[in-house]
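To keep things clear, I will list the structure first and then write my remarks on it.
The values are calculated or read from the model by the stated rules, or taken from the named source; none is laboratory data. Keep in mind the model is a prediction, meaning the values are calculated, not measured. A quick note on method: Cβ atoms are made from the backbone with ideal geometry, for glycine too, and the neighbour counts reach across all protein chains shown.
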Amino acid sequence: MSIMNNLMNGTNFDHKSLNALQKVTLRAVVMSFLFFGLVAIEGMIMRLVQAHAPIPDQFSHPEHYFSIMTVHPIVGIFGSTYQLVFAAFMFLVPFLTKKPLYSIKLANAVWLLITIGTALAWLSAFFTGYAPLYTLYWPLPADTTQFSVFGGIVFIVGVALIMVGTLGFIYNIYATIFQRVGVHKDKTTKELLISGFGIDGMLNLWNKLRGKQPYTKEPALALPVVAIFRGTVDTFLDAIVILSAGILVLVYLLFDASGHPLNVGAVDALLYKNYFWWGLDLVADGLVLIYVAGSWYLLATLITGQKLFMENVARAALMLELLVSWMVWSHHLLADQGQPEMMKLISGEMVTAFELLTQGLALFITLVTLWKARPLKMTPELAYLLAGLIGFGLAVPAAIIQADMGMNRILHNTQWIIFAHVHIALIVGLYMTLYSAVYVLWPIVTNNTRMFSKKLTWTHFWLYLVGGVGMGAFAGMAGLDGMLRRHLYIHGEFNTYMILAAICGTMVLVAWFLFLFNIVMSVGIKGLIGIFLPAEDKTASYGIEPETIAENHKV
Amino acid sequence: MNFSSSLELLAFHNVAYTIYAFMIISVIAWFAYNLTREEKAKSIVRIPFYTYIGFLVVMGVGHHIFTYNTIPWVSQDITRHDITPDASYKFEVGKHKWINMPKHVTVQCGQTIEFDVQSRDLVYGFGLFRQDGTLAMQMQVNPGTDVNGILDSNDILWTFNHNGLFDVVSTEYSGPDAYDRETGEDLMKVKKWLTVVGCKEDGGKK
């Protein structure tokens with residue numbers, strides 16, 4: 001088959017054979033990876049500015065540079081990551097529970113709202129230079145002496161649309177879980193709630209300690225669904241916090257536009273920081289860690305075809321992670337002298353340290369589950385999963401180190417935080433896990449479409465892994481040398497590290513392009529367009545037995 | 001073991017984390033290699049589950065105990081309101097400018113200095129940087145007033161044990177007005193604001 005033929009028609013992809021659930025999943029996946037490309041380009045622009053590269057002057061102008069920095073996490077976290085995770089979970093919940101998705105229309109609304117919201121936020125920053133950064137530290141987002149009121153309103157409306165889309169996802173997930181059809185026809189809401197919160201796992205452990213029979217031998221919900229159930233609690237709380245902060249900013253901007261500005265001093269900046277970080281941290285230390293742990297468990301069981309090692313402990317640990325995630329936000333406020341010391345000590349240091357335990361446990365359970373099934377074939381999905389484990393193996397201890405009153409005094413707001421911790425966690429830990437999920441689910445969601453090139457898959461893997469870890473390491477080292485994360489350097493102060501980080505960033509960008517090329521050559525441009533056409537088959541469920549996936553990994 | 005300056009701590013941290021990073025990458029790589037092999041891998045070391053969990057708990061909690069006992073500014077920060085500083089500097093920041101800030105400060109070795117910065121409008125930062133760009137210390141500077149309209153304090157105590165010349169940089173982003181819109185120059189940076197004198201070459205009082 002010629003390259004051109006592949007480019008137009010793909011390998012054996014037939015979009016007409018896809019049902020409604022498969023199509024809505026793929027639509028969000030396509031948008032997610034397009035946004036990933038945008039975020040990688042934005043990241044590279046910032047790297048090139050900091051490396052003092054010969055690029056157009058406008059990128060070094062503060063308003064332009066910081067507007068890029070403002071939308072970079074919005075596009076990356078919401079436009080790309082949220083879309084991909086939501087797409088995967090809106091497919092997986094019906095797939096694992098053997099029930100239809102509650103609403104395909106709502107699923108379509110979710111990806112559309114997040115896409116439009118992300119685009120609005122991006123356009124606002126690009127055209128009006130609105131740049132309060134994603135932290136929105138009060139009263140900066142309402143500072144109309146520095147930013148356009150119109151730009152601010154568009155930005156906030158964009159973020160609000162993303163959050164409305166998020167609430168749509170949450171509703172769809174819970175409505176699907178609580179539907180009393182199929183295997184859950186005879187289950188009560190109470191039974192599903194007990195299972196969803198992992199209380200059955202805890203009771204099983206408790207009964208085992210007392211030498212009694214297990215509370216239940218067959219929990220109502222599979223473990224990955226439990227992780228989705230619990231992570232979605234944090235997703236909900238986070239959406240409410242961001243939405244309410246957005247409404248606050250919007251009210252101030254609208255009053256300003258009407259010629260009757262409100263007093264920004266009426267809102268306590270430190271209290272606002274606490275509220276906002278409590279919500280925002282539910283993304284980083286809540287839903288991401290819980291979703292990731294659940295994804296590792298799912299991927300390990302699908303790849304090996306075996307039961308998860310220590311399943312009851314895993315269920316109980318997910319519950320612990322949920323509680324921990326509500327109480328750790330103060331580690332973002334260790335450099336705030338007005339923050340009560342007890343909150344710094346308990347929430348910022350001690351409770352945060354529990355994440356080492358919960359994530360370490362998830363890593364252990366995943367590794368042992370894989371080990372017990374050896375020998376396994378090193379398929380791309382297995383390699384990506386192991387790389388995801390490396391990512392969190394690096395990023396979580398980095399987080400614990402910096403969530404310390406001594407270390408934070410010299411690490412807060414440096415490039416160490418955002419690269420050695422955040423970028424390694426997201427680019428390597430989270431995305432490698434998501435790529436693994438993409439490769440595991442690919443045959444199911446695309447009806448066994450052949451991937452265009454395995455060589456491209458492996459090239460993507462290595463470029464992405466080395467580039468991601470390298471960028472995090474070099475920029476993180478610059479942070480140790482005093483480079484701030486939300487600062488513009490124009491004299492090439494940290495040039496050596498920035499050039500090395502830019503080289504590694506280029507590897508990530510090239511890897512993304514190769515991945516996209518491989519996908520486009522597999523589904524073809526016609527197939528890509530076809531994904532966005534209405535599905536002839538309106539089925540909202542998928543019933544392939546998970547065991548069939550494991551067969552592909554046996555040596 | 002005691003870290004008398006951030007440089008010593010950062011150097012230690014850099015080495016310790018680098019060793020850890022190589023270790024975790026090697027462990028997963030070893031695991032990946034043996035995962036695909038038919039014959040059973042020989043365990044290098046056998047770690048029981050509860051030992052592993054205990055290790056995680058000890059590392060999580062022990063890390064804070066270690067830093068509390070080796071980094072002097074931790075306990076000093078917690079008890080700072082009971083400590084009388086050798087000198088105190090109180091000034092404000094507003095509209096991206098330092099207000100009533102001393103032109104230059106000279107500190108004798110071993111002195112404990114209080115910096116109290118109040119913001120009139122936005123969230124800023126207050127950080128002292130050495131001439132090679134490394135960070136000595138920092139804090140966030142939040143705006144706000146009490147019920148009488150008096151600006152909220154953002155105070156920190158710092159003991160200087162090494163000679164040096166320090167720049168002041170706002171360590172928190174406060175909008176593009178903190179920079180020259182054309183050149184990108186940081187308008188809030190105050191070069192060579194603080195000098196520490198009277199220390200031995202390797203730190204500590206003469």
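Taking residue A:248, is it within 13 Å of residue A:152 (Cβ to Cβ), surrounded by fewer than 22 Cβ atoms within 10 Å (Cβ to Cβ) and not β-branched (Val, Ile, Thr)?
Considered against the rule, which asks whether it is within 13 Å of residue A:152 (Cβ to Cβ), surrounded by fewer than 22 Cβ atoms within 10 Å (Cβ to Cβ) and not β-branched (Val, Ile, Thr), residue A:248 comes out as yes.
Which condition number does residue B:10 fail, the rest of (1) within 30 Å of residue A:372 (Cβ to Cβ); (2) within 7 Å of chain A (Cβ to nearest Cβ); (3) of a type in the set (A, V, I, L, M, F, W, C) being met?
(1)
Under the condition of being touching a residue at least 40 places away in the same chain (Cβ under 8 Å), closer than 22 Å to residue B:58 by Cα and in contact with a Ser or Thr (Cβ under 8 Å, 6 or more places away or on another chain), which residue from the stretch A:331-351 is farthest from the other protein chains (Cβ to nearest Cβ)?
A:331
Which of the residues that make up the stretch B:135-151 are within 7 Å of chain A (Cβ to nearest Cβ) and either modelled with pLDDT under 95 or in contact with a helix residue (DSSP H, G or I) (Cβ under 6 Å, 6 or more places away or on another chain) (or both)?
B:135, B:137, B:142, B:143, B:144, B:145
Would you confirm whether or not the stretch B:120-129 contains a residue that is among the charged types (D, E, K, R), closer than 25 Å to residue A:488 by Cα, without any contact (Cβ under 8 Å) to a residue 40 or more places away in the chain and at the interface with another protein chain (Cβ under 7 Å from one of its Cβ atoms)?
No.
Go over the candidates A:424, A:410, A:401 one by one and state the one that is farther than 25 Å from residue A:313 by Cα, modelled with pLDDT under 95, facing chain B (nearest Cβ under 10 Å) and out of contact with any Asp or Glu (no Cβ under 8 Å at 6 or more places or on another chain).
That would be A:401, the only listed residue that is farther than 25 Å from residue A:313 by Cα, modelled with pLDDT under 95, facing chain B (nearest Cβ under 10 Å) and out of contact with any Asp or Glu (no Cβ under 8 Å at 6 or more places or on another chain).
So is residue A:350 part of a helix (DSSP H, G or I) and either in contact with a His (Cβ under 9 Å, 6 or more places away or on another chain) or surrounded by 22 or more Cβ atoms within 10 Å (Cβ to Cβ) (or both) or not?
Yes; evaluated as a whole, the condition is true for this residue.
Can you name every residue in the stretch A:367-398 that is farther than 24 Å from residue B:70 by Cβ, small (Gly, Ala, Ser) and facing chain B (nearest Cβ under 9 Å)?
Correct list: A:373, A:383, A:387, A:393.
Give, as residue ranges, the helices (runs of 4 or more DSSP H) completely inside the stretch A:143-261 that count at least 1 residues that are modelled with pLDDT of 95 or more.
Once the helices (runs of 4 or more DSSP H) in the stretch A:143-261 are filtered for at least 1 residues that are modelled with pLDDT of 95 or more, what remains is A:149-177, A:223-257.
Output the residues belonging to the stretch B:143-167 that are more than 27 Å from residue A:481 (Cβ to Cβ), touching a strand residue (DSSP E or B) at 6+ places or on another chain (Cβ under 9 Å) and outside any strand (DSSP E or B).
B:144, B:150, B:152, B:153, listed by residue number.
Could you tell me whether any residue of the stretch B:175-194 is more than 10 Å from every other protein chain (Cβ to nearest Cβ) and on the phi > 0 side of the Ramachandran plot?
Yes.
Across the stretch A:131-147, which residue is nearest to the other protein chains (Cβ to nearest Cβ) among those that are under 16 Å from residue A:77 (Cβ atoms) and surrounded by fewer than 23 Cβ atoms within 10 Å (Cβ to Cβ)?
The residue in question is A:133.
Please count how many residues of the stretch B:166-194 are exposed (fewer than 15 other Cβ atoms within 10 Å of the Cβ) and over 24 Å from residue A:136 (Cα atoms).
The number of residues fulfilling the criteria is 4.
Taking the criterion of being out of contact with any helix residue (DSSP H, G or I) (no Cβ under 8 Å at 6 or more places or on another chain) and within 14 Å of chain B (Cβ to nearest Cβ), would at least one residue in the stretch A:271-286 satisfy it?
Kept after step one, since they are out of contact with any helix residue (DSSP H, G or I) (no Cβ under 8 Å at 6 or more places or on another chain), are these residues of the stretch A:271-286: A:271.
Imposing the further condition that a residue be within 14 Å of chain B (Cβ to nearest Cβ) reduces the set to A:271.
For the stretch A:271-286, residues out of contact with any helix residue (DSSP H, G or I) (no Cβ under 8 Å at 6 or more places or on another chain) and within 14 Å of chain B (Cβ to nearest Cβ): present.
For the list (1) more than 17 Å from the chain's Cα centre (by Cα); (2) over 15 Å from residue B:12 (Cβ atoms), I need the number of the one condition that residue A:391 fails.
(1)
Given the options B:5, B:43, name the one that is more than 9 Å from every other protein chain (Cβ to nearest Cβ), modelled with pLDDT under 90 and either in contact with a Leu (Cβ under 8 Å, 6 or more places away or on another chain) or surrounded by 11 or more Cβ atoms within 10 Å (Cβ to Cβ) (or both).
Values: B:43 fails: either in contact with a Leu (Cβ under 8 Å, 6 or more places away or on another chain) or surrounded by 11 or more Cβ atoms within 10 Å (Cβ to Cβ) (or both).
On inspection, the qualifying residue turns out to be B:5.
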